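Student: First the structure, then my questions, so here it is.
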Amino acid sequence: MRRVLLLFALAVLAASVAAATPLCTGVLGTNVLTPGFECELGGLHFSAFSGVNAGSAPNPMQVNLVAATTVAHTVYLTFNPNLHSTSTMAADLWFYFTVTGGLIGVDLYNAGTPGSSIQEVVCSGPISRSPIPNICTGTVLANMAAASFESREVMFAPQSTVYIWKDILAAPPDGHISSFTQSFHTPEPMTFLLIGTGLLGLGLFGRRRAKK
């Protein structure tokens, strides 16, 4: 009986934790750099958003989530980083966040004006902040750059968690970026099931060999 009650309590706790994370579609217009912001969509969880002023950027910095949708096995998020250069000074923002839930690829589309660019690194481990900033501590899964009105796509082996860093730049004399879209390709549910089954089988096989 105690075991049943414990399992029930854990299930209720898990449900309450899941319910505490809002859908990305329900928080449009929010500045994702707000401490503690997170959201989920299409089986993916987006969290640990942060930004660093790498040049001249608005203070306080804003990266607003302006659109969120899913199509088949792809999640699309569109952001407005509110970056505008002056006639002589660039606006430059380092933008970080983490995605969990299973990914097999990412797309990047830069809707900024000519003179704008976005460099992106997708990593299997956290992005180092110091002593040397923006170094991938795991495997570099994608390293891409998109100029004005360009898109880039990189596919990779299934990952349960990825760490993303973007260098968002609006160059003088009149560059600005008010929109970029990031899409996230998720695997078929059966793909992760097969991977999980294979890992479980390897673990059991290793334990059997160790006992002999």
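The values are calculated or read from the model by the stated rules, or taken from the named source; none is laboratory data. As the structure is a computational prediction, the values presented were derived from the model and not from experiment. Ideal geometry is used to build each Cβ from the backbone, glycine not excepted, and the neighbour counts take in all protein chains shown. Note: accessible area is taken over every heavy atom of the protein model, side chains too, but ligands, DNA and RNA are not part of it. Shrake-Rupley method; radii C 1.70, N 1.55, O 1.52, S 1.80 Å.
Student: Please go through segment 143-184 and pick out each residue that is closer than 22 Å to Ala68 by Cα, of a type outside the set (Lys, Arg), crowded, with 19+ Cβ neighbours inside 10 Å and out of contact with any Lys or Arg (no Cβ under 6 Å at 6 or more places or on another chain).
Tutor: Gln159, Val162, Tyr163, Ile164, Trp165, Ile168, Ile177, Phe180, Gln182, Ser183, Phe184
Student: Right, another one. Got at least one residue in segment 104-114 being in contact (Cβ under 8 Å) with a residue 40 or more places away in the chain, among the charged types (D, E, K, R), over 18 Å from Phe46 (Cβ atoms) and out of contact with any His (no Cβ under 7 Å at 6 or more places or on another chain)? Break it down into steps so the answer makes sense when it comes.
Tutor: Step one: filter segment 104-114 for residues in contact (Cβ under 8 Å) with a residue 40 or more places away in the chain, giving 104-114.
Those still in the list that are among the charged types (D, E, K, R) too: 107.
Filter once more, keeping what is over 18 Å from Phe46 (Cβ atoms): none.
No, because not a single residue in segment 104-114 is in contact (Cβ under 8 Å) with a residue 40 or more places away in the chain, among the charged types (D, E, K, R), over 18 Å from Phe46 (Cβ atoms) and out of contact with any His (no Cβ under 7 Å at 6 or more places or on another chain).
Student: Does segment 32-49 contain any residue that is out of contact with any helix residue (DSSP H, G or I) (no Cβ under 6 Å at 6 or more places or on another chain) and at pLDDT below 95?
Tutor: Checked against the condition, which is being out of contact with any helix residue (DSSP H, G or I) (no Cβ under 6 Å at 6 or more places or on another chain) and at pLDDT below 95, segment 32-49 yields no hits at all.
Student: Which residue is farthest from Phe184 (Cα to Cα), if the candidates are limited to segment 83-103 and must be open to solvent by 40 Å² or more (accessible area, probe 1.4 Å) and in contact with a strand residue (DSSP E or B) (Cβ under 8 Å, 6 or more places away or on another chain)?
Tutor: His84
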